[in-house]
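Engineer: Dumping the structure here so I can ask a few things about it.
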Amino acid sequence: MFLSIITARNAAVFRDIAQYAATQGDLAARVVTDAAAEEPDSALTKGASFPQLAPAVVERLKAIPGYIVVLDTAGRSLYRSPDVMALTFNDMQALQDQLGDLPRSGEALIFQLDSLGERLLFVSHAMPGAPAGIARIASGALATRATTVPREYL
């Protein structure tokens, strides 16, 4: 009985963390799609070698807390939130590499960041109505405070 209660509690904790990460990603998606709706060419600007998010969109995204990464169709980061930018170079590279494994279907995955000794739970958000070039948003939240990781997240 005790084991089933602990298992249910852990599952609820991870659902809550995944829901928080998904909500942050939904907010970021809304910022990007609203910018595109206001003016179709306003969300992206032409960078030196590939499109980048417009400065006005970046400023709006900075208000959303958490680990947010906006990815283009080639898997490159168009935007990294202040929490992501605060990571060490090695952790940022590890995160970028692991984002390629994140299912586009909205399932959550746990990523380990070595220098922080932290686990982050990330969720992917497809961006079908976004401006051309923007494929998805990956949003994450700290999952270290949860005691065990359910197998389906690993």
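Engineer: Enter the accessible area per residue of segment 80-123 (Å², integer; probe 1.4 Å; all protein chains in place). Working shown, then result.
Structural biologist: Values: 2290 Å² over 44 residues.
In whole numbers, segment 80-123 has 52 Å² accessible per residue.
Engineer: Now for a separate question. Compute the length gained on full extension between Ala86 and Asp114: take 0.36 nm times their separation in residues and subtract their Cα-Cα distance, giving the result in nm to one decimal. It would help to have the intermediate numbers written out before the result.
Structural biologist: On the way: separation 28, 0.36 × 28 = 10.08 nm, distance 1.38 nm.
Going from the current span to full extension adds 8.7 nm.
The values are calculated or read from the model by the stated rules, or taken from the named source; none is laboratory data. Quantities reported herein were computed from a predicted structural model and do not represent experimental measurements. What goes into the accessible areas is simple: the full protein's heavy atoms, side chains included, and nothing from ligands, DNA or RNA. Shrake-Rupley method; radii C 1.70, N 1.55, O 1.52, S 1.80 Å.
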